[in-house]
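**Student:** First the structure, which I've put down as structure tokens, then a few questions once you've had a look.
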Amino acid sequence: MDQKTDLGVRRNRIAAVLKSSASQAFVITALPNIRYLSGFTGSNAALLLTTDRALLFTDPRYQTQAPQESDCEVKIAKGSLSTEVAKWLKRLRVKTIGFEQNRIGFEEYTHLKDSADRSARLKPLAGVVESLRMVKSSAEIATIRASVQLNSAALEQAFRHFRRTMTEVDFAAEIEYRMRRLGADGTAFQTIVASGARSALPHAHPTDRPIQGNQLLLVDMGAAVAGYASDMTRTHSVGKLDARTRRMYRAVLESQLAAIDAVKPGVSCATVDRTARQVLSGYGLDKLFTHSTGHGLGLEIHEMPRVGRKESTKLQAGMVITIEPGVYKEGIGGIRIEDTVVVTDRGYDVLTPTGKELIVL
């Protein structure tokens, strides 16, 4: 299936949702959702879908790019996109307008409401496109796999240039440089490099702190390739670690492997999360695990489904998720191990090729 056919299939699914929700049109403003449905990659756009038309609105900067990337009817707006969308809603005599409840800002909503026909009714639709995006096509999975492989290659190359006394910022920059050299669009999120006690901060920002010996070094990184994200975390030892810290590493690795092994179609996300926590509980470390076990990824680094305690969503073949348990001890450090995993018809496929043994640098 080529991209334009794929885009058409996706829009047809949205058209079916419109019919079932008694909406005549759907205004989409979230850029990842616009890209998913139209193919357009620009930084300013709105998409208007009816049951039989797809209109892509953007500004004059993209008057050449938009028709090249998208098979939708392209409308170049010289002013506000919301105003132009409202004009077309009136022209098409749309009376019930769906909008992205979880994506639109208040100012944008107010503008759309004030500009639309007074007799028109705005109807909030939550997570419509995101629900479709949960299950990836074979082409999307292939792109994510390429992103994951590039991500792992970048870390391998960066470690060839690693030396003690490098700062966290220096090493993060080395990783991101290697990503770009390998062909990434850029990073999927800000690279995390945290050493020593700072590794106990799950979302630590790299600092100018030198990476010293006999400490943990946590690296959480993701590349973007053709718009699709990858995500991986590895924790290494810079020199020797004490027995307590090595035991923590063993616990996290066992937790991660058990959670991955629980992945298969029909299993709830909560079950996968619970499996990870049960292993850590056996080590007395479950209270040091302070976040969810994973999340979906694709055009965004965090997508549905969330792999957490109360998430009843059942896994389906084609979903791509992360599995990333971790333990964090203030004053000591943190350990997290994360892979990108695709749910298959029979179970799972771990896309991340990087090994998970404790490496001493």
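The values are calculated or read from the model by the stated rules, or taken from the named source; none is laboratory data. Quick caveat: nothing in here was measured; it's all calculated off a predicted structure. As a convention, Cβ positions derive from the backbone with ideal geometry for all residues, glycine included, and neighbour counts pool all protein chains shown.
**Student:** Out of segment 75-100, which residues are over 17 Å from ALA30 (Cα atoms) and part of a strand (DSSP E or B)?
**Tutor:** LYS75, ILE76, THR96
**Student:** Follow-up question, since we're still on this one. If you check LYS329 against the conditions, is it outside the structural domain of LEU201 (by TED's automatic domain parsing) and touching a residue at least 12 places away in the same chain (Cβ under 8 Å)?
**Tutor:** Here the answer is no, as LYS329 does not meet what is asked.
**Student:** Please determine whether any residue of segment 338-346 is within 25 Å of ALA154 (Cα to Cα) and either more than 17 Å from the chain's Cα centre (by Cα) or in a loop (DSSP other than H, G, I, E, B) (or both).
**Tutor:** no
**Student:** So which residues in segment 21-69 are free of Cβ contacts under 8 Å to residues at least 40 places away in the same chain, of a type in the set (Val, Ile, Thr) and surrounded by fewer than 23 Cβ atoms within 10 Å (Cβ to Cβ)?
**Tutor:** Scanning segment 21-69 gives THR51, THR64.
**Student:** Being in contact with a Gly (Cβ under 7 Å, 6 or more places away or on another chain) and surrounded by fewer than 23 Cβ atoms within 10 Å (Cβ to Cβ): is that true of LEU18 here?
**Tutor:** yes
**Student:** Can you tell me which residues in segment 198-225 are surrounded by fewer than 16 Cβ atoms within 10 Å (Cβ to Cβ) and of a type in the set (A, V, I, L, M)?
**Tutor:** Of everything in segment 198-225, just one residue is surrounded by fewer than 16 Cβ atoms within 10 Å (Cβ to Cβ) and of a type in the set (A, V, I, L, M), namely LEU201.
**Student:** May I pose another question? Taking the residues in segment 103-128 that are part of a helix (DSSP H, G or I) and out of contact with any helix residue (DSSP H, G or I) (no Cβ under 7 Å at 6 or more places or on another chain) as candidates, determine which candidate is surrounded by the most Cβ atoms within 10 Å (Cβ to Cβ).
**Tutor:** TYR109
**Student:** With the condition being more than 24 Å from the chain's Cα centre (by Cα) and assigned by TED's automatic domain parsing to the domain that holds LEU112, I'd like the strands (runs of 3 or more DSSP E) fully within segment 1-63 carrying at least 2 qualifying residues.
**Tutor:** Per the criteria, 46-50, 54-58.
**Student:** GLU73 - would you say it is without any contact (Cβ under 8 Å) to a residue 60 or more places away in the chain and in contact with a Leu (Cβ under 8 Å, 6 or more places away or on another chain)?
**Tutor:** yes
**Student:** Note down all Cβ pairs under 7 Å where the first residue falls in segment 277-294 and is over 9 Å from VAL327 (Cβ atoms), the second is part of a loop (DSSP other than H, G, I, E, B) and not charged (D, E, K, R), and they're at least six residues apart or on different chains.
**Tutor:** These pairs meet every condition: ARG277/PHE289; HIS291/PRO202; SER292/GLY308; THR293/GLY308; THR293/PRO325.
**Student:** Yes or no: segment 129-137 includes at least one residue that is surrounded by fewer than 18 Cβ atoms within 10 Å (Cβ to Cβ) and in a loop (DSSP other than H, G, I, E, B).
**Tutor:** yes
**Student:** In addition: Among (1) buried (at least 21 other Cβ atoms within 10 Å of the Cβ); (2) without any contact (Cβ under 8 Å) to a residue 24 or more places away in the chain; (3) of a type in the set (S, T, N, Q), there is one condition SER255 misses while meeting the rest; what is its number?
**Tutor:** Just one mismatch for SER255, condition (2).
**Student:** Test of understanding: among ILE301, ILE337, which residue is in the same structural domain as TYR249 (by TED's automatic domain parsing), within 17 Å of THR143 (Cα to Cα), touching a strand residue (DSSP E or B) at 6+ places or on another chain (Cβ under 7 Å) and of a type outside the set (Asp, Glu)?
**Tutor:** ILE301
**Student:** Can you give me the number of residues within segment 311-333 that are in contact with a helix residue (DSSP H, G or I) (Cβ under 6 Å, 6 or more places away or on another chain), in a loop (DSSP other than H, G, I, E, B) and either buried (at least 17 other Cβ atoms within 10 Å of the Cβ) or charged (D, E, K, R) (or both)?
**Tutor:** 4
**Student:** Return the residues of segment 238-287 that are closer than 24 Å to VAL350 by Cα and of a type in the set (Phe, Trp, Tyr); say none if nothing qualifies.
**Tutor:** Of everything in segment 238-287, just one residue is closer than 24 Å to VAL350 by Cα and of a type in the set (Phe, Trp, Tyr), namely TYR249.
**Student:** Consider ILE335 carefully, then state whether it is within 17 Å of the chain's Cα centre (by Cα), modelled with pLDDT of 95 or more and among the hydrophobic types (A, V, I, L, M, F, W, C).
**Tutor:** No, not satisfied.
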